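What follows is a set of notes on a single structure, which appears directly below.
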Amino acid sequence: MWKQTALTRQLGLSVPIIQGPFGGGLSSVELTALVSEAGGMGSFGAHHQTAEQIMQTVRAIRERTRQPFAINLWIPQADSERLQLDEAAFAQYIQPLQPFFDELGMAPPTLPEQFWPPYAEQVEAVLAARPPVFSFVFGIPSPDILQRCRELGIQTLGAATTVDEAVALEQAGVDMIVATGFEAGGHRVSFLRSAEASLTGTFALVPQVVDAVKVPVIAAGGIADGRGIAAALTLGAHGAQIGTAFLACQQSSASALHRQMLFSPQARYTGLTRAFSGRLARGIRNRLMDALQGYEASLPPYPLQYWVAGTLKAAALAQGRADLMALWCGQSAALLRETDAAALMDSLVAQTGEILDARRTGNG
Ligand SMILES: Cc1cc2nc3c(=O)[nH]c(=O)nc-3n(C[C@H](O)[C@H](O)[C@H](O)COP(=O)(O)O)c2cc1C
């Protein structure tokens, strides 16, 4: 009974469970397809990919599943404009990171030509590849793009961190909304006010969004087991989007070190920081996060800091140094049990059913 909602009917899913997309190369074709084959919807975060790579990703997912899946992009914000920096200003910006470059024995990075592939090219690739769902964060695509999605039969899924953002997404004609509370791992994807001014928890946000819009609402943030899904559905959501618990599975593209850290006692302590990317995001508190806390205002803006921290991460990873890299993680880490995505899907479905079926028959 609980398995059929406005979301599953709209998308043709068997269960109202979405595997949230991961940016920064942490998504995988295998994980996306596995979740879709298991009756939920897998998502692939493609904001780091070129147009050609996006086309290849969609082809590869289609080879593995005929079920619905989502391709996810980041809508450009004011801070994504090409930074007008010379080498001297760049060197000044990355100065606070010098002790860590020294510690890892690496040369400081030089200013890149381009940080990420242009969004305009990425979104054209998404339209050309025609995935069943185009999901996005940090804003709303232009009316023209949304209109072309409708013409092509691509459903759209936007993310809101506040009720105002949810209403704006619905008014723009977006088909479904992820209401994402501050418990979630990764970036706070706010776009109307600053991320710091948009910190609502899932429990408060979801019912308010459900009351404010008519389109299907998906709860995200802090959900890692059947209890969380049952709670989300009880709050009026039509589905649950889960990130951290899928990131911890062997099928994600997270490094073994990152996945190991998600199961560590340290993962019970997460923090929101701008230090790892220039935008507010949640990860495991580690030495790098603590050391940069006082510098957040003077660190480079997004995407420069994201890119610089990425070069540091590559060196830290090669040396097995979890203390010097961003370890994205939500507040649900202590709930993680499964390391295999198929087993996770089975247990999510079974546990949600046990709770909601027991409630229906009065045995709860
Ligand atoms: C490492 C990581 C990367 C993420 N990248 C993206 C992304 O690129 N686009 C997006 O829409 N959501 C992204 N998210 C959010 C997830 O898709 C999902 O909504 C969120 O993790 C749900 O909260 P939870 O971590 O508490 O389960 C990311 C989350 C994590 C942990």
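Throughout, read-outs are computed from the coordinates displayed, never taken from laboratory work. Just so you know, these numbers come straight off a predicted model, no measurement behind them. Counting neighbours? That spans all protein chains shown, and the Cβs are built from the backbone with ideal geometry, glycine included.
Brief remarks follow.
- Linear extension gain, ARG287 paired with ASP323, 0.36 nm per residue minus alpha-carbon span: 12.4 nm
- Tilt relative to the chain, helix 304-318 - C-alpha long axis, 0 to 90 degrees, to 10: 90 degrees
- Equivalent ellipsoid semi-axes - Cα gyration tensor, the range 210-364, angstrom: 33, 19, 12
- Karplus 3J(HN,Hα) series, Hz, for the range 63-69 with 6.51 cos²θ - 1.76 cosθ + 1.60 (x for Gly, Pro): 5, 9, 8, 9, 7, x, 8
- Order of SER142, SER28 under a 10 Å beta carbon neighbour criterion, fewest first: SER142, SER28
- Remark: VAL215, VAL167, VAL137 ranked as VAL167, VAL215, VAL137, counting other beta-carbon atoms within 10 Å and listing the fewest first.
- Gain in span if fully extended, ALA172 to MET1, counting 0.36 nm per residue against the direct Cα distance: 58.4 nm
- For a modelled paramagnetic label at MET55, 7 Å from Cα along Cα-to-Cβ, the residues of the range 113-146 in reach, with backbone nitrogen under 11 Å, are 125-126, 128-129.
- The gain in end-to-end length when the SER253 to GLU113 segment is fully stretched comes to 47.8 nm, 0.36 nm per residue minus the alpha carbon separation.
- √(5λ) per eigenvalue of the Cα gyration tensor, the range 6-361, largest first, Å: 31, 23, 19
- Mean sequence separation of contacting Cα pairs (under 8 Å, at least six apart), scaled by the length of the chain, corresponds to a relative contact order of 17 percent.
- In the chain, helices alone account for a calculated mean residue ellipticity at 222 nm of -11500 deg cm²/dmol, with every DSSP H run of four or more residues adding -39,500 (n - 2.57).
- On the basis of the beta-carbon distance and an R0 of 45 Å, THR234 and ALA88 show a calculated FRET efficiency of 0.20.
- Fewest-first ordering of GLU165, GLU121 by other beta carbons within 10 Å of each residue's beta carbon gives GLU121, GLU165.
- Per-pair calculated FRET efficiency, R0 = 35 Å: ASP340 and ARG130 via Cβ, rounded to 0.05: 0.70
- The chain: antiparallel DSSP beta bridges as a percent of all, rounded to 5: 20 percent
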